[in-house]
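Okay, so here's the structure we're looking at.
The values are calculated or read from the model by the stated rules, or taken from the named source; none is laboratory data. It should be emphasised that the depicted structure is a prediction, and the values quoted were computed from it without experimental measurement. Counting neighbours? That spans all protein chains shown, and the Cβs are built from the backbone with ideal geometry, glycine included. Surface areas here come from the heavy atoms of the whole protein model, side chains and all, with no ligands, DNA or RNA. Shrake-Rupley method; radii C 1.70, N 1.55, O 1.52, S 1.80 Å.
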Amino acid sequence: MKVTLNQIEKGEDEVIINYLEMTEEVEDIVRVASGGDEKIPCSRDSIKCMVAVRDILYIESVDRETFAYTSNDVYKIPLPLNNIEAAYAHRGFFRCSKSMIINIYRVSELRSEAAGRIDAKMENGEHVIISRKYAKALRCELRGGE
């Protein structure tokens, strides 16, 4: 994809998108350029709210309840992991174990561990272990889907 940037002296910022076909990548660019971002309905302390997908570090299922973790807060999500994984895989959400999904765009460091596992250090410093069942798929994803 070709990207051209032009700095202007006066006027309003403008984004012009020329495309051959409306792909998911182009749709994402349009969404970001127009200021919109996908949000997930959540609740915290019995208060309903919306959390931007890009702010979520990882999502975990505990005792049949689903929780989203951001840098500062934990939110309860009324959706099962399978639905979240299917809906947000294009946004970097990756199943790393039976009970957890990580946002690969919010991983700061990866380290190989014994028995084929991977230790993912998230931006907030927490460590998430990617089980060996999913480690191969992650390595493939990071190589560009080879």
Item checked: Straight-distance crosslink candidates among lysines, where the alpha carbon sits under 23 Å from LYS48 and sequence neighbours closer than 8 are dropped -> LYS39, LYS76
Notebook entry, point to check: Which value, in Å², gives the accessible area per residue of the stretch 66-109 when a 1.4 Å probe is used on the protein heavy atoms?
Noted result: 48 Å²
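Give the peptides 56-66, 15-25 in descending order of average Cβ contacts within 10 Å, highest first. Numbers along the way, then the final one.
Working: 56-66: 16.3, 15-25: 8.9.
Averaged packing, sorted descending, gives the order 56-66, 15-25.
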Notebook entry, point to check: Looking only at the stretch 60-104, which residues have a backbone nitrogen under 20 Å from a spot 7 Å from the Cα of GLU24 in the C-beta direction?
Noted result: 80-97, 100-104
Next item on the list: Can you send over the carbon and sulfur percentage of the accessible area for the stretch 1-70, probe radius 1.4 Å, protein chains only?
Entry: 47 percent
Next item on the list: Leaving ligands, DNA and RNA out of it, rank HIS90, HIS127 by accessible area with a 1.4 Å probe, largest first.
Entry: HIS127, HIS90
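Just need the relative contact order of the chain here, percent rounded to a whole number, with Cα pairs under 8 Å and 6+ apart. Intermediate values should be presented prior to the final figure.
Values: 190 pairs, mean separation 18.5, N = 146.
After rounding, I find 13 percent.
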Next item on the list: At 7 Å along the Cα-to-beta-carbon direction for both ILE17 and ARG132, put a label point, then send me their distance in nm to one decimal.
Entry: 4.3 nm
Checklist line | Label assignment, log10 I(q)/I(0) by the Debye sum over Cα atoms at q = 0.09, 0.11, 0.13, 0.21 Å⁻¹ derived from the structure, set (i) -0.27, -0.40, -0.56, -1.33; (ii) -0.24, -0.36, -0.51, -1.47; (iii) -0.36, -0.52, -0.70, -1.31 | finding: (iii)
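What is the calculated FRET efficiency for ASN124 to ALA52, with r their C-beta to C-beta distance and R₀ = 22 Å, to the nearest 0.05? Write down the numbers at each step before the final one.
Values: r = 16 Å, r/R0 = 0.71.
In this case the efficiency is close to 0.90.
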